[in-house]
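Just below is one structure, and these are the notes that go with it.
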Amino acid sequence: MVHARVTLARAIGFAVFIGAASTIRAQESTDRAVSALALQPAVKAALAAAKGSEPQTIDTQIRLTEIPAAGFLEAARAEEMKRLFQQAGLRNVRGDKAGNVLGDRPGAALHPHVVIAAHLDTVFPEGTNVQVRREGSVLYAPGIGDDSRGLAVLVAIARALNQADVRTPGSITFVADVGEEGLGDLRGIKTIFDDTLKGTVDRFVTIDGTGMGVAHTFVGSRRYRVTIKGPGGHSFADFGTPNPIGALGRAIAKIQEFHVPSDSQTTFNVGRIGGGTSVNSIPADAWMEVDLRSPDRAALAGLDAQLQKALDGALAAEHAQWHQTRVLTMTNELVGDRPAGATPAAAGVVQAALAATRAVGAVPATTISSSDANYPTMLRIPSVQIGGGGAGANAHAPNESFDTTDSWRGTERALLLTIALAQK
Ligand SMILES: [Zn+2]
């Protein structure tokens, strides 16, 4: 046991190895350490408890899904998580100013301080039918996987740790956070790192979505709402007045010709447009929403610069067409800002996540993602995203489903990873 702890300390606590050969050696030593950890009596009992109570975890997942939680309307589901955290034996269960729910499981010391999170909000608007339908092993409902699964696994981890009385050197804080999706713009997790737990967190895990994947590279995004305004007028009598929709059209034509790196991970999209009042009026306004993404910070900044240039150029061209200046005005509001970043593959948290996956008998696959982990990654806090197990399909669509077959593996993996990261 002592040997396992020492090895874990080397693998997780300090070492970030450079170079493939040493990365492989570090991974092998982490695999050994995590396997040894899984054999410690208390940990073994916790893993068995997690597996044994998987039906209860699935019931929790269903109950949470049936509490609507559209973006900015997460309060009812947050209340239920508070109750579940208390019932699972977490200490100091509380809310914070953003509406996040937190619960502590103190260790021998505060550090290493591990935060394990899942998000409360869904992409589905208020009024969506969230009743869960079951067909054999498959559950159907909007949000059943993303992220009710993550929330249910959080509760299962807390319950199993207490049932088996697992003692950890470091402390664990469980977080159910608001505002992960869409225009929520990570406001929940930003509050956790900028305010609620500012400066105290050493390692971060988010359980987001389903399956057994591990993500440590996070796609950044910048989203803009561009509005162009002018005096407007009669389409015949005021002909010659610069046209906001004309300027917007010129901008869109330029955007569609952007050059991006050919890795197909840097992307742009004009997702919505609007403006004007009638066919025979020069419009007084026009607007669009634009989404830019990349896992590479420099590529994202480059794309952003191209957008600003395209907008300025389009406005100038519309003015030049009518031999006018400063008739139109443009505002470009940043409505979403997710920082891009990666925790290195050689980092202890990544290696521990892969080791925990193997230790429960699954094959680890790494994926690129965009989630709550973007923010702590930017802050250089070692962070990973893991799936909650099972098999999900059609996330973000009304026909979302979750296959519960062997989903206990996801619960066990998340539990083992949490314990491994709370070692010195
Ligand atoms: Zn999600």
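Once the Cα atoms of helix 41-52 and of the chain are each reduced to a long axis, what angle between those two axes, in degrees from 0 to 90 to the nearest 10, is obtained? The two axes meet at around 60 degrees.
Taking only the C-alpha atoms of the range 247-292, Rg followed by Dmax gives 13.7, 45 Å. Dividing the Cα radius of gyration of the chain by 2.2 N^0.38 Å, with N the residue count, gives 1.12. Axis of helix 408-421 versus longest Cα principal axis of the chain: the two differ by about 80°, to the nearest ten degrees. Mean silhouette area of the range 278-341, derived from the convex hull of its C-alpha atoms and averaged over all directions, reads 5.6 nm². Size descriptors for the range 282-424, from the alpha-carbon set: Rg then Dmax equal 22.6, 70 Å. Each 5 Å bin from zero holds the following percent of Cα-Cα pairs in the range 85-201: 2, 11, 18, 21, 18, 14, 9, 5, 2, 0. Evaluate the charge dipole of the chain about its Cα centre and quote only its size in Debye, nearest 20, assuming +1 on the Cβ of each Lys and Arg and -1 on the Cβ of each Asp and Glu. Result for the chain is approximately 1260 debye, rounded to the nearest 20. When the Gaussian network model of the chain links Cα atoms closer than 10 Å, the mean-square fluctuations of LEU197, LEU311, LEU186 top out at LEU197.
For the range 27-127, averaging the sequence separation of C-alpha pairs within contact (under 8 Å, six or more residues apart) and dividing by the residue count gives a relative contact order of 25 percent.
When the P(r) of the range 156-206 is calculated, the portion above 16 Å amounts to 52% of the C-alpha pairs.
Taking ASP285, ASP104, ASP403 in turn, the Gaussian network model of the chain (Cα-Cα springs below 10 Å) assigns the largest fluctuation to ASP285.
Lysine pairs in the chain with alpha-carbon atoms under 17 Å apart, 8 or more places apart or on different chains: how many are there?
The result is 5.
Pick from MET212, MET81, MET288 the residue whose mean-square fluctuation is largest in a GNM of the chain, springs joining Cα atoms under 10 Å. Of MET212, MET81, MET288, the Gaussian network model singles out MET288 as fluctuating most. A viscosity of 0.890 mPa s and a temperature of 25 °C, combined with the Kirkwood radius over C-alpha pairs in the Stokes-Einstein formula, give the range 176-274 a diffusion coefficient of 134 µm²/s.
Under the criterion of Cα pairs below 8 Å and six or more residues apart, the relative contact order for the chain equals 25 percent. Size check on the range 71-134: the Cα extents along the three principal axes, sorted descending, read 45, 28, 17 Å. Helix 148-163 and the longest principal axis of the Cα set of the chain meet at an angle near 20°. With the cut-off at 22 Å, report for the range 217-353 the share of all Cα pairs above it, as a whole percent. Of all Cα-Cα pairs in the range 217-353, 46 percent lie more than 22 Å apart.
Per the Cauchy relation, a quarter of the hull surface: what is the mean projected area of the convex hull of the alpha carbons in the range 38-107, in nm²? Intermediate values should be presented prior to the final figure.
Values: hull surface 23.6 nm².
Result: a mean projected hull area of 5.9 nm².
Read the figures in this text as sums done on the coordinates, not as results from a lab. All of these numbers come straight from a predicted model, not from anything done at the bench. Note: ideal-geometry Cβ built from the backbone for every residue, glycine included; neighbour counts use all protein chains shown.
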